[in-house]
Amino acid sequence: MRKLLVAGNWKLNGDSASNQVLVEGVIAGLQDVNADMLVCPPSVYLSQVLAACDGTELEVGAQNAAVYTSGAYTGEISPSMLKDIGVGYVILGHSERRTLFDERSEDVAEKVVAALDAGLTPLLCIGETLAERESEQTERVLTAQLQAVFKQLGEADRWQQVVIAYEPVWAIGTGMTATPEQAQATHRFIRELLAQHVGELVQGIRILYGGSVKPDNAKELFAQEDIDGGLIGGASLNAADFLAIARAAS
Ligand code: PGA
């Protein structure tokens, strides 16, 4: 059985005071949650959130990382630096990075390898736009996004350390969620695709759903066989909502 993971992507939100309230609020409710929980604050607040989470079950992740380890790359943060301060996870290839910051699937794949090399668990985001879904391109798009990573990530057993987040772009921040059936069908497709490369190991790979997950739709989504938790944006900024979603995964 895969243990469910509920991850919060804070995006470009928060400040020292509000982060403290939010993270303490989440920690206060952890005892009622059976799923693994993770928060991903902006990088500048990682140390603050790590300190607040110290000694608790709440994990901390970054929202992006460089492909480089060190050197003349002004403005970048390396996976090994994240590891050094105690970060365990990193979101990679979020659709906002792909569309707003021109990250191509090949770049994302290189980052996945760099993150794994540094000992981080990558949360690899994939997903199709509305136009792609409507023109029945979903499977082609997801295949291409994953294919880039298959190419870079040689050995199958490295996939054991990767978490996938399927986030239909049209559902992110829009209030439009994929129906549980739609999401399940796509998750099944992703798992079958992964199985072609990693065989039985696929049973251990967590595939999260993301895109307008809220307390009132989480339970049905997480009840689907191939949905192993969620990547939560807006609703992760409120401790009560984030915890309610995590309880739905328990
Ligand atoms: P949302 O964002 O929950 O606000 O739709 C999800 C995400 O972008 O990871």
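So for the stretch 202-250, averaging the separation of alpha carbon pairs under 8 Å that are six or more residues apart and normalising by length, what relative contact order in percent results?
Relative contact order of the stretch 202-250: 43 percent.
Amide H neighbours of residue 88 under 5 Å, counting only residues 5+ apart in sequence or on other chains, H built in-plane at 1.01 Å?
The list, which skips near neighbours in sequence, is 60.
Around residue 40, with a cut-off of 14 angstrom between Cβ atoms, what is the net charge of the other residues, counting Lys and Arg +1 and Asp and Glu -1?
Taking every other residue near residue 40 into account, the sum is -2.
How high is the relative contact order of the chain, given as a whole-number percent (alpha carbon pairs under 8 Å, six or more residues apart)?
23
Convert each backbone phi in the stretch 225-230 into a coupling constant with the Karplus relation 6.51 cos²θ - 1.76 cosθ + 1.60 (shift: θ = phi - 60°), then list the ³J(HN,Hα) values in order as whole Hz, x for Gly and Pro.
4, 9, 9, 10, x, x
Give the calculated FRET efficiency between residue 43 and residue 196 to the nearest 0.05, with a Förster radius of 41 Å applied to their Cβ-Cβ distance.
The computed FRET efficiency comes out at 0.70.
Considering Cα pairs under 8 angstrom that are at least six residues apart, work out the relative contact order of the stretch 47-120 and quote it in whole percent.
Dividing the mean separation by the residue count of the stretch 47-120 yields 34 percent.
Work out, in µm²/s and without decimals, the Stokes-Einstein translational diffusion coefficient of the chain at 37 °C, 0.692 mPa s, Rh from Kirkwood over C-alpha pairs.
After rounding, the answer is 183 µm²/s.
Calculate the all-directions average of the projected area of the stretch 52-196's alpha-carbon convex hull, and give it in nm².
Mean projected area of the Cα convex hull: 10.1 nm².
Given a Förster distance of 45 angstrom, what is the FRET efficiency for residue 57 paired with residue 135, based on the Cβ-Cβ distance and rounded to 0.05?
Using R0 = 45 Å, I get an efficiency of 0.55.
Give the longest segment of the chain that steers clear of GluC sites (Glu not before Pro) in DSSP loops with at most 12 neighbouring Cβ atoms within 10 Å, not counting the sites themselves.
Segment 58-135 is the longest.
What's the longest piece of the chain with no exposed trypsin sites (Lys or Arg not before Pro), counting a site as exposed if DSSP puts it in a loop and it has at most 14 other beta carbons within 10 Å?
105-250
Beyond 23 Å, what percent of the Cα pairs of the stretch 168-250 remain?
22
If you stretched the chain out fully between residue 102 and residue 156, how much longer would it get, using 0.36 nm times the residue separation minus the C-alpha to C-alpha distance?
Full extension of this stretch gives 16.7 nm more.
What translational diffusion coefficient, in µm²/s and rounded to a whole number, does the Stokes-Einstein relation yield for the stretch 110-250 at 4 °C and a viscosity of 1.567 mPa s, taking the hydrodynamic radius as the Kirkwood radius over Cα pairs?
84
Identify the residues of the stretch 226-250 with backbone N under 14 Å of a label point that sits 7 angstrom from the Cα of residue 219 along the Cα-to-Cβ direction, or state none.
Under 14 Å, as judged by backbone N against the label point of residue 219, lie 244-250 of the stretch 226-250.
Of the residues 14, 229, 75, which exhibits the maximal mean-square fluctuation in a Gaussian network model of the chain defined by a 10 Å Cα contact cut-off?
75
What is the log10 of I(q)/I(0) for the stretch 1-99, computed with the Debye formula using one identical point scatterer on each Cα and no solvent, at q = 0.19 Å⁻¹?
-0.96
Using the Kirkwood radius over C-alpha pairs as Rh, can you work out the diffusion coefficient of the stretch 122-190 via Stokes-Einstein at 37 °C, viscosity 0.692 mPa s, in µm² per second?
It comes out at roughly 255 µm²/s.
A short reminder: the numbers here are calculations on the coordinates, not readings from a lab. Everything quoted here is computed from the prediction, not taken from an experiment. Note that each Cβ is placed from the backbone with ideal geometry, even for glycine, and that neighbours are counted across all protein chains shown.
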